[in-house]
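Undergrad: Sharing a structure, written as structure tokens. Questions coming.
The numbers here are math on the coordinates, done by the rules we state, and not lab data. Remember, it's a predicted structure, so these values are computed and weren't measured experimentally. FYI the Cβ positions are ideal-geometry reconstructions off the backbone, even for glycines, and counts take in every protein chain you see.
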């Protein structure tokens, strides 16, 4: 009788301990440990692919050719001509451009990103052209304003979206306090940045200002991209949410906008709670 009871207890033990392990193994569940190595979109661009929502095939993101990975080696026109011609406005030919941004100095040195600038047809036939994963950016010619996606593709922290390398530098995973974000902004100002379109160098520039807008102002900026000067001057919303500033516009200024992360209590909504604007003052036009 005692031997039978011992056998019964042994079987219960095996079922209690081994069954959960067996179920986990059969279901393929595991807990991967992410690598701490950071990769910018410029480093990941050859491995990221995006999916068309209505098509079964996948479309690769634009690749960076070897000869334009470093914008300083891109083709630069020769200005030493006997009969110089009038240079057109360099900000009017940026639609439908394969754009590359490369930081040459500062805390983001050797990091950058690439994206396809949507054509003017976007403004009357938006469709899914600016969906996450398309590798595209919106451009407003009147204010020299680019809008890019930040965060990750399909929630994968190793698949950065176009502006994620800047967002992550400024606020990390959303854990940093305002004072630390301001310090990061201060470090970024003065960084030299090169802009390349279709393999041709367009501008050399430097960061002359960064601002994080309040949630209220961020919402207005998305709805009213043509009213940036008034939005920045009004500084609407919770004043504790505003960080940094950018100088007043001039004709040689480029703006880059992307989302910032809000309070953890908001869940997934926190990823689009704030909006950043980075201002670049153009040093030299190459086209």
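Undergrad: Give me the number: length gained by fully extending residue 200 to residue 89, i.e. 0.36 nm times residue separation minus the C-alpha to C-alpha distance, one decimal in nm.
TA: Here the answer is 38.4 nm.
Undergrad: May I pose another question? Any chance you could get the radius of gyration and Dmax over the Cα atoms of segment 98-169, in Å?
TA: Just the Cα atoms of segment 98-169 yield Rg and Dmax of 13.1, 39 Å.
Undergrad: While we're looking at this one, here's another question. Multiplying the sequence separation of residue 187 and residue 219 by 0.36 nm and subtracting their Cα-Cα distance, what value in nm do you get?
TA: Extending this stretch completely gives an extra 8.8 nm.
Undergrad: Dimensions of segment 142-287 along principal axes (Cα, Å, largest first)?
TA: 47, 37, 29
Undergrad: Still on this structure, please answer the following. For the pair residue 110 and residue 177, how long in nm is the line joining their label points, each one 7 Å along Cα→Cβ?
TA: 3.3
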